[in-house]
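So the structure is just underneath, and the comments pick up after that.
The values are calculated or read from the model by the stated rules, or taken from the named source; none is laboratory data. The model shown is predicted, which means the values in this text are computed figures rather than measured ones. Every residue, glycine among them, receives a Cβ derived from its backbone with ideal geometry; neighbour counts consider all protein chains shown. These area figures cover heavy atoms from the full protein model, side chains too; ligands, DNA and RNA do not enter into them. Shrake-Rupley method; radii C 1.70, N 1.55, O 1.52, S 1.80 Å.
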Amino acid sequence: MKQFMVFVKKEFYHVFRDRRTLLILFGLPVMQILLFGYALTTEIKNADIIIVDHAGDAASQQLTTMIAASKYFNIAASAVSDADIYKAFKKGAVKCAVVFPIGFGNDLLHGQSAQVQIIADAADPNTAKTLTNYLTAIIGDYQQQINPTANIPMRIEPVTRMLYNPELNGSMNFVPGVMALVLMIICTTLTSVSIVREKEMGTMEILLVSPFKPTYVVLAKAVPYLALSLVDLIIILLLSVFLLDMPIRGNIILLFLESTLFIICCLSLGLLISSVTRTQQIAMMVSMMGMMLPTILFTGFIFPLENMPLPLQLISNLVPSRWFYVIIKAVMLKGLGLGVIWKETLVLAGMTTALLMISIKSFKTRLS
């Protein structure tokens, strides 16, 4: 055990002497959690819109005021003809247009029915659909205001209730995924250069003749990064709660233990990469670029896994962050306990054990 602690102490010296490692360890997580936490969102705000008011009456002006007061739209200009509308769309100056026909207010007051045209740039279909839904909701609110006692026969009025996220805050969906992404990249990158560094520095021969067991060598290289990654985890949780308004409704100890298990899994994957690669540059490229794309694609926080073909859904089961994302959402957002997430925990524990055993075996093969 004394030899093991000496080796761990040596690895700590390696970490604190390398400024690049310290930057990756503490600078990159903060930058990524803030960048992804604020940038990744499905909400569309301040979309430029153009208003064509052929009616010019009180009803159209009131509705225009409601649209302008919404946080989702910014009235960029007012057009007077259809040619102006299409010219603005061609330039990319606006995302949507609202056209009030002549007599809009009169039709609404006397005919009990009036039409308003919504034109959207469907080159981006998701944005176009979202903006039209926003406008439809605003028009519906205005109609309810001017005629709150409308008596429609056989009317069905849905009553919606948003569980776990009543404000529909988009960050609550992305922050758990960003946490999984950041921990996966950082932890894998840190250990991916640990063993290959020994070969490049010429100290692998010292390990060959040392009485230290290969298993202890691998574990000793992982322990410092585990301790420092737990510090990263605390920093990420603090940023998520206090800056990104991410609640922790579940047991904080359970969250910490599950995150520790995921960190160990990522460190084991990094050790495996370090064992099979020949240079630090290749190891860092594989760990950073090679892990980022599968984590983004197969975790489920950006692209729903249910929409993917069955072969890709099966492949996603091999990505550790996919299971950690389910766990962290269940604990942080829903406040669930181990009785609900035990299956995902077992899968993650199995992956961690398998990766650690494979990395140790690969290191032994490299020494022989």
Those aspartates and glutamates that a straight Cα-Cα span of less than 19 Å connects to Lys10, excepting residues fewer than 8 apart in one chain = Asp18, Glu198, Glu200, Glu205
query = What percentages, rounded to whole numbers, describe P(r) for segment 247-368 computed over all alpha carbon pairs with 5 Å bin width beginning at zero?
reply = 2, 11, 17, 20, 20, 15, 9, 5, 2, 0
key: Solvent-accessible area per residue for the chain (1.4 angstrom probe, square angstrom)   = 54
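For the chain, what is the calculated [θ] at 222 nm in deg cm²/dmol (nearest 500), taking -39500 (n - 2.57) for each run of four or more DSSP H residues and dividing by its residue count?
Result for the chain, helices only: -21500 deg cm²/dmol.
Tell me which DSSP H helices of the chain clear both cut-offs, 24 Å or more of axial length from alpha-carbon atoms and a mean Kyte-Doolittle hydropathy of at least 1.0. Could the numbers behind the result be given before it?
Numbers: long enough: 125-146 (32 Å, -0.35); 171-192 (30 Å, 1.66); 214-242 (42 Å, 1.99); 252-276 (36 Å, 2.40); 280-298 (26 Å, 1.38); 338-367 (43 Å, 0.97).
Those that pass (Cα extent of 24 Å or more, hydropathy at least 1.0) are 171-192, 214-242, 252-276, 280-298.
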query = What is the dipole size for the chain, taken about its Cα centre, with +1 at each Lys and Arg Cβ and -1 at each Asp and Glu Cβ, in debye to the nearest 20?
reply = 1960
Of [x] 95, 46, 39; [y] 59, 54, 41; [z] 60, 47, 41, the label for Cα extents along the principal axes in Å derived from the coordinates = [x]
ask   = Pairs Lys87/Lys129; Lys2/Lys364; Lys9/Lys329; Lys9/Lys343; Lys71/Lys91; Lys45/Lys334: which exceed 29 Å Cα-Cα?
value = Lys9/Lys329; Lys9/Lys343
ask   = With charges only on Cβ, +1 for K and R and -1 for D and E, what is the dipole size of segment 253-368 about its Cα centre, in debye, rounded to 20?
value = 320
inquiry  = Explain nothing, just the number: relative contact order of the chain, from Cα pairs under 8 Å at least 6 residues apart, as a whole percent.
reply    = 20
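How much length, in nm to one decimal, is gained on full extension between Asn251 and Tyr164, taken as 0.36 nm per residue of separation minus their Cα-Cα distance? Mind dumping the intermediate values first?
Details: separation 87, 0.36 × 87 = 31.32 nm, distance 1.57 nm.
Stretched out fully, the Asn251 to Tyr164 stretch lengthens by 29.8 nm.
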